[in-house]
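The values are calculated or read from the model by the stated rules, or taken from the named source; none is laboratory data. What you see is a predicted model, and the numbers here were worked out from it, not measured in a lab. We place every Cβ from the backbone using ideal geometry, glycine too, and count neighbours over all the protein chains shown. For the accessible areas, the whole protein counts, side chains as well, though only heavy atoms, and no ligand, DNA or RNA atoms are used. Shrake-Rupley method; radii C 1.70, N 1.55, O 1.52, S 1.80 Å.
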Amino acid sequence: MTRVLVVEDDRALADALVINLRARGEQAMVARDGASALRSAAAETPDVVLLDLGLPDMDGLEVIAGLRGWTEVPIIVLSARDAQRDTVLALDAGADDFVRKPFGMDELFARLRAAVRRSAPRADEPVVVAGDLEIDLAAARVRRHGDDVRLTPTEWHVLEVLVRQRGRLVPRIELLREVWGPAYETETNYLRVYLAQLRRKLEADSSHPRHLVTEPGLGYRFET
Ligand code: CA
């Protein structure tokens with residue numbers, strides 16, 4: 001059972017989230033503003049927080065900052081369709097992922113599972129299977145339909161960062177920092193080039209990628 005704190009002032013949406021969470025056997029708590037969210041997080045120590053950024057009493061970014069002062073609990077932002085800038089700021093402030101409103105419950109639950117899985121201490125799973133791909137993180141090797149795929153060291157590094165965080169949005173800045181270093185945080189064209197190369201090698205249809213997904217303006221996500 002996952003204990004979820006829903007921070008949402010839209011009563012209909014909060015109710016729908018709670019009903020769906022409970023129907024799946026999860027435990028749900030609701031806070032309708034930022035102050036109650038911070039109180040509730042401290043008192044209930046949820047496993048994951050779903051956070052609407054537009055709250056009546058304070059900016060969702062302040063809630064993220066307040067939580068990050070003392071906890072690494074996964075935070076998934078519920079972002080408005082036209083609020084890309086806010087989403088970027090939320091990820092920079094320490095949110096783990098986002099779903100764009102209106103979202104389907106299946107999408108939301110996939111994000112929830114991915115966030116909770118990453119935060120739980122676990123034995124490493126060296127081989128990740130995604131469709132016809134087999135990615136061996138220990139051996140640094142990829143197979144497609146059972147055949148080895150040759151990747152350059154940089155291609156592998158990009159893939160590895162995404163696969164280790166599979167299911168989660170990896171912000172562009174984080175990927176650039178991990179693979180190329182802090183001096184390259186703005187070189188987003190590197191990512192376009194390397195993602196295109198990886199898709200050509202790994203995707204059945206590189207123009208409609210199934211695994212190496214772009215979140216426009218934000219980053220990339222590896223879907224299994
Ligand atoms: Ca709102």
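A few notes on this one:
- The stretch 69-92 - residue that is open to solvent by less than 50 Å² (accessible area, probe 1.4 Å) and more than 14 Å from the chain's Cα centre (by Cα) and, of those, nearest to PRO171 (Cα to Cα): ALA83
- All of (1) over 14 Å from LEU67 (Cα atoms); (2) more than 12 Å from the ligand (Cβ to nearest atom); (3) not hydroxyl-bearing (Ser, Thr, Tyr) hold for ALA41 with one exception: (1).
- For the stretch 167-224, the candidate set comprises residues that are open to solvent by less than 20 Å² (accessible area, probe 1.4 Å) and small (Gly, Ala, Ser); within that set, the residue that is farthest from SER119 (Cα to Cα) is GLY181.
- Checking VAL213 against (1) of a type in the set (Val, Ile, Thr); (2) over 28 Å from LEU17 (Cα atoms); (3) at pLDDT 95 or above, the condition it does not meet: (2)
- Selected residue [in contact (Cβ under 8 Å) with a residue 24 or more places away in the chain, within 13 Å of the ligand (Cβ to nearest atom) and open to solvent by less than 70 Å² (accessible area, probe 1.4 Å)] from GLY66, GLY54: GLY54
- Of the residues making up the stretch 1-21, just one is at pLDDT 95 or above, open to solvent by 60 Å² or more (accessible area, probe 1.4 Å) and more than 16 Å from the ligand (Cβ to nearest atom), namely ILE19.
- Counting the residues of the stretch 72-93 that are part of a loop (DSSP other than H, G, I, E, B) and at pLDDT 90 or above gives 2.
- Only one entry in ARG111, ARG118 is under 30 Å from LEU21 (Cβ atoms), open to solvent by 10 Å² or more (accessible area, probe 1.4 Å), in a helix (DSSP H, G or I) and at pLDDT 90 or above, namely ARG111.
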